[in-house]
Amino acid sequence: MPQEEAPFPLNDTDKFVLSLTDEEYAYHTWDDLKRITETNDLAALKRKPSDLRRYIKWTAQTKADYGSTTEYLLAHRLPKTWGRPPFTPVSDVPFAEPSDYRVLMNDWPYGFVPGITHIVVWSRTPIPTDPEIGDMTAESRQTVADFVRQYFVDAIGPGGEDKVLWFKNWTALQSVRALDHIHVLVRDVEPSLLQEWTTEREWHRSQ
């Protein structure tokens, strides 16, 4: 697909994936994802070729229908109590107040081997980044790590630290830049726990 036809910038990984069939695609393993997140090599994350083509088509249609992906998310995925950006969070600290974040399954996950689930945590509170490099500040990274441990790892129980990875895309890699969010990857987690994490809470429906 020519760059000018894509509804968002295609990086080199995207262009490579689009040259493949699903049969030629190498799915991300857990060890692969650990390496990517530990080295912050986030541009290496890729979707299955057929999923990437569908994501490109969906993004183009969504932008045609709503004007932007952000408008679609505000209309259909994020709490109505948040209103419109710029938001007014309850807390200035990311993930400190439950009504300031929403945990959802990723509608367009990367291409993983079976057993890995992709979750997105949307934040009404801005997550500070270093404007010069587009990555999180050291303080932000610690804040997010603490939240992921408390919300996901501790809920899994013993061995949970080996079943959870997380990352926040560099600014240049974000397809939805207007809404702050982090990505959480979990493996071999019971469906009931996934349901518990992503259930809409009362504070998302009323103030």
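The values are calculated or read from the model by the stated rules, or taken from the named source; none is laboratory data. All values reported here derive from a predicted model rather than from experimental measurement. Ideal geometry is used to build each Cβ from the backbone, glycine not excepted, and the neighbour counts take in all protein chains shown. Only protein heavy atoms, including side chains, enter the accessible area calculation; ligands, DNA and RNA are left aside. Shrake-Rupley method; radii C 1.70, N 1.55, O 1.52, S 1.80 Å.
Points worth noting:
- Test: residue in region 129-143 that is exposed (fewer than 15 other Cβ atoms within 10 Å of the Cβ), among the hydrophobic types (A, V, I, L, M, F, W, C) and outside any helix (DSSP H, G or I): yes
- Some residue of region 169-179 being of a type outside the set (S, T, N, Q), open to solvent by less than 70 Å² (accessible area, probe 1.4 Å) and in a helix (DSSP H, G or I): yes
- Residue count, region 55-69 (criterion: free of Cβ contacts under 8 Å to residues at least 40 places away in the same chain and open to solvent by 70 Å² or more (accessible area, probe 1.4 Å)): 5
- Residue selected from region 1-54 under the condition modelled with pLDDT under 95 and among the polar types (S, T, N, Q), by the criterion farthest from His183 (Cα to Cα): Gln3
- Condition met for Tyr110 (hydroxyl-bearing (Ser, Thr, Tyr) and within 16 Å of Leu45 (Cβ to Cβ)): yes
- Qualifying position, being open to solvent by less than 50 Å² (accessible area, probe 1.4 Å) and in contact with a Gly (Cβ under 8 Å, 6 or more places away or on another chain), among Asp51, Asp14, Asp32, Asp22: Asp51
- Leading residue by the ranking (most open to solvent (accessible area, probe 1.4 Å)) among those in region 78-99 that are among the small types (Gly, Ala, Ser) and in contact (Cβ under 8 Å) with a residue 24 or more places away in the chain: Ala96
- Residue in region 70-77 that is open to solvent by 40 Å² or more (accessible area, probe 1.4 Å), part of a helix (DSSP H, G or I), under 21 Å from Phe8 (Cβ atoms) and among the acidic types (Asp, Glu) present: yes
- Test: residue in region 119-126 that is aromatic (Phe, Trp, Tyr), modelled with pLDDT of 95 or more, touching a strand residue (DSSP E or B) at 6+ places or on another chain (Cβ under 7 Å) and open to solvent by less than 30 Å² (accessible area, probe 1.4 Å): yes
- Every pair of residues 6+ apart whose Cβ atoms lie under 7 Å, when the first sits in region 182-198 and is in a helix (DSSP H, G or I) while the second is open to solvent by 10 Å² or more (accessible area, probe 1.4 Å) and polar (S, T, N, Q): Leu194/Thr117
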